[in-house]
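Data block below; observations after.
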Amino acid sequence: MKKKKVLKIVIPAAAVAVIGGAAVLNNAANAGRELAEAMTVEAMAVGTGDVTETVETNGTVVSGQQKVFFSPVNANVNMADFQVGDLVKAGTPLVSFDLKDLEEQNQKAELTVRANELSYQDSVNKSNEAASRQARARNQAAALQAQVNAKTQEVENLTNALTGAANQLAEIQQQETEKIGSKMEHLQKQLKTAQNELEEAKKAYDKAESVQQTAQVNFDAAAAAAENDPQGLETAREKLNQANKDLTDAKNKYEEKQQNVQDLESQMEDLQTSLAGAAENKGTDIELQQKLQTAQSELAELKANLESQKAMAEGDSGALSSAAREQLKTNNNLAELESKSLEELIAEGRKGITAEFNGVISDKQIMEGAAVTQGMQLFTLQSIEDVNVEVTLSKNVYEKVKEGQKAEISFAGQSYQGTVKRISRIASAGMSGSNQAAVSSASIMATIHIDNPDENIFLGVDAKVTIQAAEARDVLVLPTEAVNIGKDGTFCWVYEDGIMKKRSITIGVTSDDCAEITQGIDEGEQVIPDPGNHEEGDTITVIEKQEEEVIETE
């Protein structure tokens, strides 16, 4: 047994002198001492700690997965070398069969199938060919009818289109021509204006060029006579600079006007091209007429094909009647089925039976050399990889247990981790459990899944289960002996201003040793675990409750 050291929650308290009470005579020292001792109680200060609420119960280790294996064939057992309780690994061969008789039956069945196929195939092939032709004719007739309907609608649409196409086309062409003509007229006005502006810009450019040339000649002459007339040189330079600037401005303006004229001429050419295209768009009526003629020709051809396919589909195909066909088919299928079944059985028998998962043999109903029939139960394998513990929960604790809570499981000297997997929603009466109340009252069945199973698992054994129902950390706590339950609810005794008072409290998570206090008292207040014979309102003296050490064994 391993030991676990558990320190109970112990809280120091201060001693308080007695004030009031019965009158004590100074000369009655012994009586006063006895009275003081009678008014003294132990107290502890409220502190914080951790509380873990657990539910302990017993249960039975069971497999979460089992499979019953049946014989796939009628044969004798060659090998079945295992016993109930054996541990087997996945893939281990467990049963093999003697298939000599089955193989002889299969050879006979194959010959019968071959003989039946020869007489069956000729009749069926001829019947299928005739029926296929008739079926194709029906399908073709249906498809051709849909094509005839569509082509008829197309001819009607083209005829209607031709009726109004000419007027509509003329109207569109007229609108397009008028629109293009309006744009061309506007562009012609812009072009004429631009050409006039270009001509004026050319004159200004030529004039500026002439002025610049004259200024250049004058500047060259002034430069030659600069020693005698420096002021004349400066004046000639200023005029030359101004002439150069005027020439540049005139040139830029001329080029700009020139580009403008070119752009307008390009736009005019584009409009003329569009006008020519609109004029060429006169062949629509002819195209519609050609389409109509083509559609009418195609419609006539489709109707002829439709009549031919209808005649073939409605005539006598010469195929077998459904009854005769079914009889032939049934006879052949019976022979094939018998042969196929034997082949499949032989294939299954040759594979034998192997363990599909790691587990324990829990039932065996065969022996080596014995004859077995198809579907006969052979043995049962229970998994040791998917393992649970089935437990019962009394009415006092089942509401604390929830699916998904963790648990500690111990049996056969081994410890495992578990998770609450399932809680039954139906109570069962008279079930046993760790809580004796479960024997005579309704209990709830719960399933605890073992999360870390190993090869040390034993099925059917009893297990001890501790479920971690709830946990609260760093909360106000009191020892369970300080928590009282009365007709008005839960309360504790507190020391306040020298008086013992009753205080209503609300508890949360509880364990065997202590309880979480959610309302009613504050940290540091002094609580009296055992008030003795004192009553509410008594004047008392408190002393510090000493810390205890408890050794628990598991």
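The values are calculated or read from the model by the stated rules, or taken from the named source; none is laboratory data. Computed from a predicted structure; not experimentally measured. Here Cβ is always computed from backbone atoms with ideal geometry, including for glycine, and neighbour counts include all displayed protein chains. Calculation scope for accessible area: heavy atoms of the full protein, side chains included, ligands and nucleic acids excluded. Shrake-Rupley method; radii C 1.70, N 1.55, O 1.52, S 1.80 Å.
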Residue by residue through region 342-349, the couplings from Karplus 6.51 cos²θ - 1.76 cosθ + 1.60 with θ = phi - 60°, in Hz, x for Gly and Pro, are 5, 4, 5, 5, 5, 4, 5, x
Mean accessible area per residue over region 75-147 (1.4 angstrom probe, all protein chains present, square angstrom) is 62
Whole-Hz Karplus couplings 3J(HN,Hα) for region 104-112, θ = phi - 60° and coefficients 6.51, -1.76, 1.60, Gly and Pro as x, run 5, 4, 5, 5, 5, 5, 5, 5, 5
Going through 207/257; 67/464; 203/251; 67/351 one by one, the pairs whose alpha carbons sit over 22 Å apart turn out to be 67/464
Taking the alpha-carbon centre of each part, the distance from region 460-514 to region 233-267 in Å is 106
Of 98-108, 357-367, ordering from highest average Cβ density within 10 Å down gives 357-367, 98-108
Counting sequence-distant residues (5 or more places) and residues on other chains, those with an amide H built under 5 Å from that of residue 94 are 353, 354, 355
